[in-house]
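The values are calculated or read from the model by the stated rules, or taken from the named source; none is laboratory data. This is a predicted model, so every value here is computed, not measured. Don't worry about glycine lacking a Cβ; one is built from the backbone with ideal geometry, like all the others, and counts go over all protein chains shown. Just so you know, the surface numbers come from the protein's heavy atoms only, side chains and all, with ligands and any DNA or RNA stripped out. Shrake-Rupley method; radii C 1.70, N 1.55, O 1.52, S 1.80 Å.
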Amino acid sequence: MKRFHPSPPETPFYDSRKGVDRSLSGGQSPPDDTSWGGTPGRSKDTYEVPGEHVMMYIGQPTQLYIRIPEPKEIWPTLRDRDGGNPDNRNNKESIHVLLIEGTGIPDHDVEITVQMILPSGGHDHTNQPPTEMRGLLTATGGTTATGNGEVTARTNAQGGITVTHAAPEFGGRFELIARAQVQGKILEDRDTLTVRVPDLVELPEVNYYELIGRTNDHPSNHWATQLVMENIQSIAMAWFLLYPNESPISINDISLEYGGLFDVTGNWRPPHSSHRIGTDVDVRTALPGLRSGIPTRTPRDATDWAATTWVGNINFEDICRVFNGEPELHSPDSANEHYHIDF
Amino acid sequence: MKSYKIIFLMFLLSFFTQVGFNADNYIQFIPETGDYKISFYQENGDLFVTIFEPATKVDPFVHSVVSFNTNVNSYVYHYELTNSVSSKQRLRVFSVEHYTPVTDIMSPSSSWRARYFRFAPILDWANSRGESGLRHPKDGIAPDSSQSGFGFESKGLPTIVTCYFRGGISKTFTFTENAPIEVEEFLQTHGKFPANTVQRKTLGPKAPPFPFFPAAFLDTLVSYTRQSGGLGWIADQQTSEKYETRFHSAQTALQEDRLDDTRQTLYQVLQEVQTDSGAALTSEAYALLCYNTVYLLSQLQESEVSLDDLIAYIRQAFEEGKITNKGIANSLIAKLETAGKHLEKGKPKQAVNVLNAFLNELEAQHEKHIAGEVYDYLKENVTALITRLGSPE
């Protein structure tokens, strides 16, 4: 026996690509370009999206929209010591929320939340970052409200809310989710924002250095600026050619794929504090009796590194300097002892 | 009541560790050693203390000598370094700017390794005596000692450049990631090249200007004379003024087209630098004035640029976009070729007429399709050629 399901209510909209009126079955949203790009001059059932000079045509069913303007990508929020976020490192996005039912629904609560898409940006954690670390939201509509990672604000007279999202310190892909309850029904819409330090490149696997330090939480930890990649490769090549009897250098953490806070322990918190913009490079040092690396302790042939003394390797330090890197000793006298090169 | 006290103390601790400090609170200069003590509370509440030892506790002196290798037409640059008795560190790194490529690098011994800076035109020698580069207490040159044997060859003329010295620090700088920004800024300004070096002036190679204008190069020689006086490379004001007067005199003669007088004055300079060398001029001043004057003289003699040279120059200028219209470049080249054919047939008057037509076209296209430097170079050399050929009757 053939079953027939009742047809869901249809949502009419103007398809700007085809130049005709179309409709979608209930629950579906019009395609992006049409929902925000209807025909200018339509006086009935059209709305101007705050901050964008585009119009949309909406049918009768209640609809909730959240839209992030192109290119939907911003920088993570950076510390002042990493250069902060001047104009060319924009870390804020204005997001538009619209609640409508034929006309805009004014003075209605809408909840906006931020959720990280995992895995993304180099983070392969199983848990979400704490809400308070997902970026500051400032919503302006009928009321103004702020909150870290989540905020609730009221729509203005046109049913709109403008939300400014200051990026979190992490790089990654984030979903911005709008939710509202209208007449007992929960409406929801989502859009995706990418937060990243652009133009980082991954250090390739080659035979004159070794890449180390990958973890389950951060399976790819060797992303650098192009210049730093060339410099660290030059350092590695110089070491390899000048000191062929030594182990090739072992390169540990640089930055994650999208940059931003590199929570080395996988708990969404420092350390690392640095390693955010592809300009800090960790290089393993030898611990006699325990592991190979740049020789820095004497006596070299000791069997217990705890009985040795750090003197540093000035050949390596000099090579770093001629390639514009300043080597520092980090985590001294511990199993995490290493050279940190600041480019 | 007790808990209130604890909360108050925690507030005070938080206040002083997070908001109440500036760079002076974190960084303390130690006058006895010349080092800096850096201390701050980390995010986990632990006090982090480290010593920043600048690599600048040296008072170095460099002596440079330049000679000319006639076999390969290169200048040979030699450097001798002295670490003064007042230095508190051994002199471990010496770097010198070079603005032309260098070859045949010389080092005093295998423990001095030379390397090029990637990010600046600088050649760098660093000393390490320890096994596999491990820091050694006798790395570098001890105070009150000298070391010669640094050098290289280059086609570049001697010019005044900066050289950089680093003292040997006793230990790698130990640091952590989460320092206050004031400390980070202090290290950016004190810890990185070139701030963490002692700088001196010496000689290094530089390509002569191109296109070459003799009058402008005489200004360079005047400048070298004044700078040499300021650096103590010329013993007294009187000697300095003597050379300045010579160069001004040569410049006046050049501007008045008295080329022989210009040459004569410059030959006089060459005789005088030989006489003054050692007593009134250091080896640095001698090299600057002598080799740059010799080069100028060679260019004055070679200022009789051939038509083929000019044609090659126009082709290069077009390729570099300094002549923006191929038709104009071809037209200029055609006129020079025509002038050449007239000269081959022994008809200088016709050649001069064509060269004058060349100058007219050059004038017409100047600032439209021909860059200023190309216009200047062609005008100067074609005018000189016309002068040599004699004006048409």
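Figures for the structure shown
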quantity	calculated
Of residues in region B:226-255 being of a type outside the set (D, E, K, R) and not in a helix (DSSP H, G or I), the one surrounded by the fewest Cβ atoms within 10 Å (Cβ to Cβ)	B:Gly232
Residues of region A:320-330 classified as facing chain B (nearest Cβ under 8 Å) and under 30 Å from the mean Cα position of the chain (by Cα), total	7
Region A:244-255 residues that are within 13 Å of chain B (Cβ to nearest Cβ) and under 14 Å from A:Asn315 (Cβ atoms), paired with ones that are open to solvent by 30 Å² or more (accessible area, probe 1.4 Å) and in a loop (DSSP other than H, G, I, E, B) (beta carbon under 9 Å, 6 or more apart)	A:Glu246/A:Ser292; A:Ser247/A:Ser292; A:Ile249/A:Tyr208
Verdict on A:Glu210 being within 12 Å of chain B (Cβ to nearest Cβ) and either of a type outside the set (Ser, Thr, Tyr) or touching a Phe, Trp or Tyr at 6+ places or on another chain (Cβ under 6 Å) (or both)	no
Selected residue (only one of A:Ile319, A:Ile341 is touching a residue at least 24 places away in the same chain (Cβ under 8 Å), open to solvent by less than 10 Å² (accessible area, probe 1.4 Å) and part of a strand (DSSP E or B))	A:Ile341
When residues of region A:95-134 are limited to those that are within 18 Å of A:Thr146 (Cβ to Cβ) and touching a His at 6+ places or on another chain (Cβ under 8 Å), the one surrounded by the fewest Cβ atoms within 10 Å (Cβ to Cβ)	A:Ile95
The one condition in (1) touching a residue at least 60 places away in the same chain (Cβ under 8 Å); (2) surrounded by 23 or more Cβ atoms within 10 Å (Cβ to Cβ) that A:Ala153 fails to fulfil	(1)
Any chance B:Val49 is open to solvent by less than 10 Å² (accessible area, probe 1.4 Å), within 14 Å of another protein chain (Cβ to nearest Cβ) and either outside any loop (DSSP other than H, G, I, E, B) or at pLDDT below 95 (or both)	no
Candidate set from region B:83-121 (those that are aliphatic (A, V, I, L, M) and assigned to a loop (DSSP other than H, G, I, E, B)); member that is least open to solvent (accessible area, probe 1.4 Å)	B:Ala120
Index of the failed condition, A:Glu317 passing every other in (1) modelled with pLDDT of 95 or more; (2) in contact with a helix residue (DSSP H, G or I) (Cβ under 8 Å, 6 or more places away or on another chain); (3) within 13 Å of chain B (Cβ to nearest Cβ)	(2)
Single residue of region A:239-276 satisfying the filter (surrounded by 24 or more Cβ atoms within 10 Å (Cβ to Cβ) and of a type in the set (A, V, I, L, M, F, W, C)) that is farthest from the chain's Cα centre (by Cα)	A:Trp239
Residue tally, condition crowded, with 18+ Cβ neighbours inside 10 Å, facing another protein chain (nearest Cβ under 9 Å) and closer than 30 Å to B:Gly45 by Cβ, over region B:185-205	2
Qualifying residue in region A:287-294 (condition: at the interface with chain B (Cβ under 10 Å from one of its Cβ atoms) and within 12 Å of A:Phe170 (Cα to Cα))	no
When residues of region B:150-184 are limited to those that are within 11 Å of another protein chain (Cβ to nearest Cβ) and among the hydroxyl-bearing types (Ser, Thr, Tyr), the one surrounded by the fewest Cβ atoms within 10 Å (Cβ to Cβ)	B:Ser170
Residue that is farthest from B:Ser223 (Cα to Cα) [pool: residues in region B:129-171 that are modelled with pLDDT under 95 and in contact with a His (Cβ under 7 Å, 6 or more places away or on another chain)]	B:Gly130
Test: residue in region A:215-227 that is open to solvent by 70 Å² or more (accessible area, probe 1.4 Å), farther than 30 Å from A:His96 by Cβ and of a type in the set (A, V, I, L, M, F, W, C)	yes
Which listed residue, of B:Ala312, B:Ala280, is closer than 30 Å to B:Ser154 by Cβ, in contact with a strand residue (DSSP E or B) (Cβ under 8 Å, 6 or more places away or on another chain) and hydrophobic (A, V, I, L, M, F, W, C)	B:Ala280
Helices (runs of 4 or more DSSP H) contained in region B:281-393 and holding at least 1 residues open to solvent by 60 Å² or more (accessible area, probe 1.4 Å), without any contact (Cβ under 8 Å) to a residue 24 or more places away in the chain and in contact with a Phe, Trp or Tyr (Cβ under 7 Å, 6 or more places away or on another chain)	B:326-344
Answer residue from region A:69-85, given it is surrounded by 21 or more Cβ atoms within 10 Å (Cβ to Cβ) and farther than 22 Å from B:Pro180 by Cα and is farthest from the other protein chains (Cβ to nearest Cβ) among those	A:Ile74
Verdict on A:Arg269 being at pLDDT below 95, more than 19 Å from B:Ala179 (Cα to Cα) and at the interface with chain B (Cβ under 10 Å from one of its Cβ atoms)	no
Residue list for region B:122-149, filter: within 14 Å of another protein chain (Cβ to nearest Cβ), in contact with an Asp or Glu (Cβ under 7 Å, 6 or more places away or on another chain) and open to solvent by 60 Å² or more (accessible area, probe 1.4 Å)	B:Arg129
Residue ID - surrounded by the most Cβ atoms within 10 Å (Cβ to Cβ), chosen from residues in region B:256-280 that are in contact (Cβ under 8 Å) with a residue 40 or more places away in the chain and in contact with a helix residue (DSSP H, G or I) (Cβ under 8 Å, 6 or more places away or on another chain)	B:Thr262
